[in-house]
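As structure tokens, the structure follows; a few thoughts come after it.
The values are calculated or read from the model by the stated rules, or taken from the named source; none is laboratory data. Predicted model, so just to flag it, every value in this text is computed and none were measured. Every residue, glycine as well, gets a Cβ built from its backbone with ideal geometry; the counts of neighbours run over all protein chains shown. To get the accessible areas, we keep the full protein, side chains included, count just its heavy atoms, and leave off ligands, DNA and RNA. Shrake-Rupley method; radii C 1.70, N 1.55, O 1.52, S 1.80 Å.
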Amino acid sequence: MTTTFPPMPLLPVTSPSTISACRNLPLRPSDIFICSYPKSGTTWTQHIVLTLLLADRKYKIAASTPCDSDAGKDDLAYNHVSDYAPFFEIDAHWQSSSSTNSTKVLADSVRENHDRLGRRVFNTHLRWDMLPKRREVDGSTPQNDDKEGNDDVNTGPSDDNDSYIHKERPQCGKFIYVTRNQIDVVASFYHHLSNQIEGTYTDTFETFLRDWMDGKIPFGSSLHHLIGFAGGFADNLYDTSRGHDDIGDDESTGVTDQPLLLLSYEKMKSNLRTEVLRIISFLNLTHIPSHVLEEEILP
């Protein structure tokens with residue numbers, strides 16, 4: 001069965017060329033994408049992930065240096081969550097390539113902060129079919145996945161179902177998908193868009209609700225968003241057809257390496273500790289001492 005999504009409406013801060021650049025970003029195995037439909041707990045999850053990454057980095061550095069050495073001290077911190085987990089699809093986080101004006105690359109400020117952190121982290125509201133899937137090879141850019149004349153990169157699977165599923169498996173990277181009760185999403189999104197500067201919504205909630213159900217609000221239909229990611233979760237496997245040795249099953253722990261992790265806002269509220277442990281396992285963060293997790297990170 002073929003599923004074709006309509007074009008995704010976007011905020012004025014995002015252009016078609018940036019959407020194309022997002023789709024074609026060369027992936028790295030350490031990349032993390034925090035994905036969600038708007039108002040599903042994205043910022044909360046960003047804070048959790050960054051807190052865990054910084055703790056893991058701190059104790060990894062400490063474990064590899066002498067106790068009396070200043071080299072073992074790590075004071076990396078952030079003032080705003082977007083410092084190290086920027087909004088993937090806004091124009092301000094991309095710039096023209098120095099080699100060609102027709103190609104966009106990540107902005108210098110984004111790359112510099114990611115270099116400090118030691119890995120790339122993004123938050124995004126793009127659908128699964130709009131996210132990058134191909135691995136970086138020797139610093140090169142993968143072949144452009146966009147179809148001619150389709151800057152939005154918003155089509156669904158082709159008629160060849162097996163081919164589509166294989167194509168849409170990422171070759172590397174980690175993708176955390178956060179969901180939330182849709183009644184809470186639409187109420188929160190209405191208040192958000194009614195009070196923001198870019199793309200302010202000026203009509204009533206009743207009209208907003210109809211527009212939201214019709215997929216006319218920025219980021220489109222939440223149902224299409226869920227269906228798109230459901231395709232990724234259908235088998236939740238990497239594309240290993242190119243023989244990448246660092247992707248696959250971790251035989252030493254019995255844990256299968258998968259590209260996608262599903263979280264829900266409601267489960268995070270009811271049992272945060274369990275969900276944080278799932279994130280730690282998914283990202284393979286092995287350097288956080290248990291007492292630090294219990295006494296300093298978890299509330």
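Tabulated values for the structure
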item: Condition broken by Thr253, with the remaining ones in (1) farther than 23 Å from His125 by Cβ; (2) modelled with pLDDT of 90 or more; (3) among the hydroxyl-bearing types (Ser, Thr, Tyr) satisfied; result: (2)
item: Counted residues, region 62-89 - those being open to solvent by 30 Å² or more (accessible area, probe 1.4 Å) and modelled with pLDDT of 90 or more; result: 6
item: Which listed residue is touching a strand residue (DSSP E or B) at 6+ places or on another chain (Cβ under 9 Å) and either outside any helix (DSSP H, G or I) or open to solvent by 50 Å² or more (accessible area, probe 1.4 Å) (or both), from Leu263, Leu277; result: Leu263
item: Hits in region 238-250 (condition: more than 19 Å from the chain's Cα centre (by Cα), in a loop (DSSP other than H, G, I, E, B) and at pLDDT below 55); result: His244, Asp245, Gly248
item: Segments classed as helices (runs of 4 or more DSSP H), wholly inside region 5-123, with at least 1 members that are touching a Pro at 6+ places or on another chain (Cβ under 9 Å), within 24 Å of Leu226 (Cβ to Cβ) and in contact (Cβ under 8 Å) with a residue 12 or more places away in the chain; result: 16-23
item: Residue in region 8-22 that is over 20 Å from His80 (Cβ atoms), of a type in the set (A, V, I, L, M, F, W, C) and touching a strand residue (DSSP E or B) at 6+ places or on another chain (Cβ under 8 Å) present; result: yes
item: All positions within region 224-237 that are in a loop (DSSP other than H, G, I, E, B) and open to solvent by 60 Å² or more (accessible area, probe 1.4 Å); result: Ala234, Leu237
item: Within region 185-220, tally of residues that are open to solvent by 20 Å² or more (accessible area, probe 1.4 Å) and without any contact (Cβ under 8 Å) to a residue 24 or more places away in the chain; result: 20
item: Qualifying positions in region 24-53 - closer than 21 Å to Gln171 by Cα and either open to solvent by less than 10 Å² (accessible area, probe 1.4 Å) or small (Gly, Ala, Ser) (or both); result: Leu27, Ser30, Asp31, Ile32, Phe33, Ile34, Cys35, Ser36
